[in-house]
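Below is one structure; the comments refer to it alone.
The values are calculated or read from the model by the stated rules, or taken from the named source; none is laboratory data. No experiment lies behind these values; they were computed from the predicted model shown. Counting neighbours? That spans all protein chains shown, and the Cβs are built from the backbone with ideal geometry, glycine included.
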Amino acid sequence: MQTENFQFLADLLMKKSGHLLAPEKGYLLDSRLGPIARKEGVDSVDELVRSMRTRNDERLNWAITEAMTTNETFFFRDRTPFDLFKAEVIPHLVENRRPGVKARIWCAAASAGQEPYSLAMILREERTALRGMQMDILASDISEKVIEKAKAGIYSQFEVQRGLPVQLLVKYFQKDGDMWKVDPSLRQNIAFRTFNLLESFRTLGTFDVVFCRNVLIYFNQETKRDILNRIAERMAPDGFLFLGAAETVLGLSDAFEPVAGKRGLYRRKQMAQAKVA
Amino acid sequence: MKQCLVVDDSRVIRKVARRILEDMEFNCAEAEDGAQALSQCQKTMPDAILLDWNMPVMNGIDFLKALRRESGGDQPVVVFCTTENDMGHITEALRAGANEYIMKPFDSEILNAKFSEAGLV
């Protein structure tokens, strides 16, 4: 791809989603933008970008931003965060929330829904431990396409075999032709919406638990820092944050501290401590 | 090294599964049908069994029921691996004592994931 076209795309993504387009990721352009180029009736991705530079078509700009997002996900991805949610988070919230008050979970990069549905399955399986406590899940993602898929809750045979124990498949899914459909009762406590992490979080309310996994890796340091600090503002003082295996708050935000020995799990730092630090 | 018995009437499937399992550091033995598998288990119980459903002589589900009645037959972790992909077959397998269930086609990623669900890796 011509350098000035690559730069145009990199600037566009930075502005729309905050995502970095590193030169070594250039190989993704053809596979991800090729279908859009064909739909627009041009021969190559270079051609597509050239035509974009001459007209400012918001619809096309957005389609390209969305096509460049990575939506790799699976049920109970990395397992540990879900074990920690069960072993650490649920007991803490049951102990520290007033009866009748709903706890809130935010899946900030929910992709096609496997993460929120995995949590919803845990909440059902752990009903006794929850002692009547209700938890609502907000599942958001920048991509409208994946949020639509998440909402539909329909997965291929391949997708339901990645990370999902067969006992849970039998319990919470129905076969629908070649596909598998999530039991509608699992969706009861999940709200799905498209949401760009560059936007203000004020409209989202506050959360007891935030899953923000495998998305910070796509941002530059400044945006990572900004997102983490804005998540902290939306969290209960004793809230929990889960990051992806390759992500950390260290060197980015003083608002969180890692929970010793619990990989990927962070707590809000208490104010007094934060000032000392 | 853990032992895995691969039970499938297709030589190609046995070969593919064996290659993946050996990469996962399993020691593999093979059987062409349920009857062969059962007589091998009566000699030595493996740690894991990767089990096809439709086979001549004795099919997978009949083998599983017979295995679970053997002394020590509750020990092996049994993972079905079959083209049967409807809810009826899956629940029947679980009821007969299967630990996990793979719907073919499979690849190393699915085999790894399912063996780890079943606590084998």
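Per-structure values
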{"quantity": "Tally, over the range A:235-252, of residues that are in contact (Cβ under 8 Å) with a residue 60 or more places away in the chain and among the charged types (D, E, K, R)", "calculated": "1"}
{"quantity": "Residue in the range A:163-180 that is small (Gly, Ala, Ser) and free of Cβ contacts under 8 Å to residues at least 12 places away in the same chain present", "calculated": "yes"}
{"quantity": "Hey, residue A:220 assigned by TED's automatic domain parsing to the domain that holds residue A:110, under 19 Å from residue A:14 (Cβ atoms) and touching a residue at least 40 places away in the same chain (Cβ under 8 Å) or not", "calculated": "yes"}
{"quantity": "Qualifying positions in the range A:234-246 - part of a strand (DSSP E or B) and surrounded by fewer than 16 Cβ atoms within 10 Å (Cβ to Cβ)", "calculated": "A:237, A:238"}
{"quantity": "Selection count where residues are crowded, with 19+ Cβ neighbours inside 10 Å and within 9 Å of chain A (Cβ to nearest Cβ), scope the range B:88-113", "calculated": "11"}
{"quantity": "Flag for residue B:72 being within 13 Å of another protein chain (Cβ to nearest Cβ), modelled with pLDDT of 95 or more, out of contact with any strand residue (DSSP E or B) (no Cβ under 7 Å at 6 or more places or on another chain) and surrounded by fewer than 16 Cβ atoms within 10 Å (Cβ to Cβ)", "calculated": "no"}
{"quantity": "Odd one out for residue A:72, checked against (1) surrounded by 17 or more Cβ atoms within 10 Å (Cβ to Cβ); (2) closer than 30 Å to residue A:166 by Cα", "calculated": "(1)"}
{"quantity": "Subset of the range B:73-82 [touching a residue at least 40 places away in the same chain (Cβ under 8 Å) and over 12 Å from residue B:52 (Cα atoms)]", "calculated": "B:76, B:77"}
{"quantity": "Scan of the range A:7-56 for residues that are hydroxyl-bearing (Ser, Thr, Tyr) and either surrounded by 14 or more Cβ atoms within 10 Å (Cβ to Cβ) or modelled with pLDDT of 95 or more (or both), ordered by number", "calculated": "A:17, A:44, A:51"}
{"quantity": "Residue ranges of strands (runs of 3 or more DSSP E) in the range A:90-201 with at least 3 members away from every other protein chain (no Cβ under 14 Å) and closer than 30 Å to residue A:61 by Cα", "calculated": "A:135-141, A:190-194"}
{"quantity": "Every residue from the range A:186-243 that is of a type in the set (Ser, Thr, Tyr) and closer than 24 Å to residue A:84 by Cα", "calculated": "A:206"}
{"quantity": "Helices (runs of 4 or more DSSP H) wholly inside the range A:1-80 that include at least 3 residues being in contact (Cβ under 8 Å) with a residue 40 or more places away in the chain and within 23 Å of the chain's Cα centre (by Cα)", "calculated": "A:3-16, A:58-67"}
{"quantity": "Residue under evaluation residue B:46, criteria (1) surrounded by fewer than 22 Cβ atoms within 10 Å (Cβ to Cβ); (2) more than 11 Å from chain A (Cβ to nearest Cβ), criterion not met", "calculated": "(1)"}
{"quantity": "Condition broken by residue B:85, with the remaining ones in (1) touching a residue at least 40 places away in the same chain (Cβ under 8 Å); (2) over 26 Å from residue A:83 (Cβ atoms); (3) within 12 Å of chain A (Cβ to nearest Cβ); (4) of a type outside the set (A, V, I, L, M) satisfied", "calculated": "(1)"}
{"quantity": "Scope the range A:92-132; condition within 26 Å of residue A:147 (Cβ to Cβ) and of a type in the set (Ser, Thr, Tyr); matching residues", "calculated": "A:111, A:117, A:118"}
{"quantity": "Scope the range A:202-233; condition of a type in the set (D, E, K, R) and either part of a strand (DSSP E or B) or over 16 Å from the mean Cα position of the chain (by Cα) (or both); matching residues", "calculated": "A:202, A:208, A:222, A:225, A:226, A:233"}
{"quantity": "Filtered residues of the range B:5-28 (kept if small (Gly, Ala, Ser) and crowded, with 17+ Cβ neighbours inside 10 Å)", "calculated": "B:17"}
